[in-house]
């Protein structure tokens, strides 16, 4: 696309939402996506009430999403359990459906959309692709998710641990038993050095996503299925859910997830969005919120100040992330130690208002 004012790298929620907003404001925008087809990302199926409002502003209402309404949060840690009504209704939707709807909205607004373009590095005023081409535009919006991007390393000293975090995902097929077990709740199962989040999606199936330290996987011989089966054996409520799993399916995995990382620095003309700006622990259920909020803020900054607004935008976004990230990090650290996890769930059962307060506090304003 010749003469693009803005290039957006990555057609996930952050990138596609930015492309929608840029095109609405009359910008000549090119949206690039490395994959040939829209897949189903590892996690990110929980949409909070604030995220639903942001999607509605993009023209994608709850009826269009057609997901599973989520009204409660259910916590498990050892023998402790709690259940609390959320501050407002949320929704469970697959990333395949969400991304497809956002990409279609971007195209409908007039954005150019090219697939199979693998951007790998920043060039002088542009983006370098794997085939050696350089695409140039005054403003670039980087929304490549958790993928590394040459020239923009995440500072290991800030987030890397000796025992890094791995992400795993197992799908649970739809059925009356799963409906009865999970219903309209999002579940968090806390265990030693990890947690699992479970939410049902638009077709009634459930997305079970785990964040576990590598040492737990090593103890299972490096085999994700062995780890999940061991967790099911030692945690009966989780085992009830695993009883409905189809173990013939692939267990998806991603390594070294930089939970808690965020940045306030961006090169001139580059707006960093979603996981390229900060990675909130997934137990907060605000990954999609960060994606959409960052896209909205970046396009507003660009509209007011053009490409030169990128540096100030990044610093302001990092400041907005500080509170929700701090709360999510604290809950994550407490939740991955059995003693504090049990105390945390006991507190949530005794004081439901505290759970709702945490739910609100981990949202992007």
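The values are calculated or read from the model by the stated rules, or taken from the named source; none is laboratory data. Small disclaimer: the values here were computed from a predicted structure and weren't measured. So basically every Cβ, Gly included, is an ideal-geometry build from the backbone, and we count neighbours across all protein chains shown.
Here are the numbers:
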item: Test: residue in the range 138-160 that is touching a residue at least 12 places away in the same chain (Cβ under 8 Å) and in a helix (DSSP H, G or I); result: yes
item: First in the range 323-351 and more than 21 Å from residue 216 (Cβ to Cβ), second anywhere and assigned to a helix (DSSP H, G or I), Cβ under 7 Å, 6 or more apart; result: 323/361; 324/284; 324/361; 327/358; 327/361; 347/354; 348/354; 348/355
item: Of all residues making up the range 226-243, the number that are surrounded by 21 or more Cβ atoms within 10 Å (Cβ to Cβ), within 20 Å of residue 81 (Cα to Cα) and free of Cβ contacts under 8 Å to residues at least 60 places away in the same chain; result: 1
item: Identity of the residue in the range 1-55, buried (at least 18 other Cβ atoms within 10 Å of the Cβ) and at positive phi, that ends up modelled with the lowest pLDDT; result: 44
item: Residue among 167, 175 that is touching a residue at least 24 places away in the same chain (Cβ under 8 Å) and touching a helix residue (DSSP H, G or I) at 6+ places or on another chain (Cβ under 9 Å); result: 167
item: Lone unmet requirement of (1) closer than 27 Å to residue 213 by Cα; (2) surrounded by 14 or more Cβ atoms within 10 Å (Cβ to Cβ) for residue 322; result: (2)
item: Among (1) in contact with a helix residue (DSSP H, G or I) (Cβ under 9 Å, 6 or more places away or on another chain); (2) assigned to a helix (DSSP H, G or I) - the single one residue 308 does not satisfy; result: (1)
item: Sole residue being in contact with a helix residue (DSSP H, G or I) (Cβ under 7 Å, 6 or more places away or on another chain), closer than 23 Å to residue 208 by Cα and surrounded by fewer than 23 Cβ atoms within 10 Å (Cβ to Cβ), chosen from 347, 292, 334; result: 334
item: Tally of residues being out of contact with any strand residue (DSSP E or B) (no Cβ under 7 Å at 6 or more places or on another chain) and assigned to a helix (DSSP H, G or I) across the range 17-54; result: 8
item: Neighbours by Cβ (under 8 Å, 6+ apart or cross-chain): first from the range 244-258, in contact (Cβ under 8 Å) with a residue 12 or more places away in the chain and on the phi > 0 side of the Ramachandran plot; second surrounded by 13 or more Cβ atoms within 10 Å (Cβ to Cβ) and in a strand (DSSP E or B); result: 256/165; 256/166
item: Qualifying residue in the range 86-96 (condition: in a helix (DSSP H, G or I) and touching a residue at least 12 places away in the same chain (Cβ under 8 Å)); result: yes
item: Failed item, numbered, when residue 60 is tested on (1) over 16 Å from residue 201 (Cα atoms); (2) surrounded by 19 or more Cβ atoms within 10 Å (Cβ to Cβ); (3) in contact with a strand residue (DSSP E or B) (Cβ under 6 Å, 6 or more places away or on another chain); result: (3)
item: Hits in the range 192-225 - residues which are farther than 25 Å from residue 91 by Cα, in contact (Cβ under 8 Å) with a residue 12 or more places away in the chain and touching a helix residue (DSSP H, G or I) at 6+ places or on another chain (Cβ under 8 Å); result: 192, 193, 216, 217, 224
item: Count - residues of the range 79-113 that are over 30 Å from residue 26 (Cβ atoms) and in contact with a strand residue (DSSP E or B) (Cβ under 8 Å, 6 or more places away or on another chain); result: 11
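Residue-wise test of (1) touching a helix residue (DSSP H, G or I) at 6+ places or on another chain (Cβ under 9 Å); (2) within 21 Å of residue 202 (Cα to Cα).
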| site | (1), (2) |
| --- | --- |
| 5 | yes, no |
| 10 | yes, no |
| 22 | yes, no |
| 27 | yes, no |
| 34 | no, no |
| 43 | yes, yes |
| 53 | no, yes |
| 56 | yes, yes |
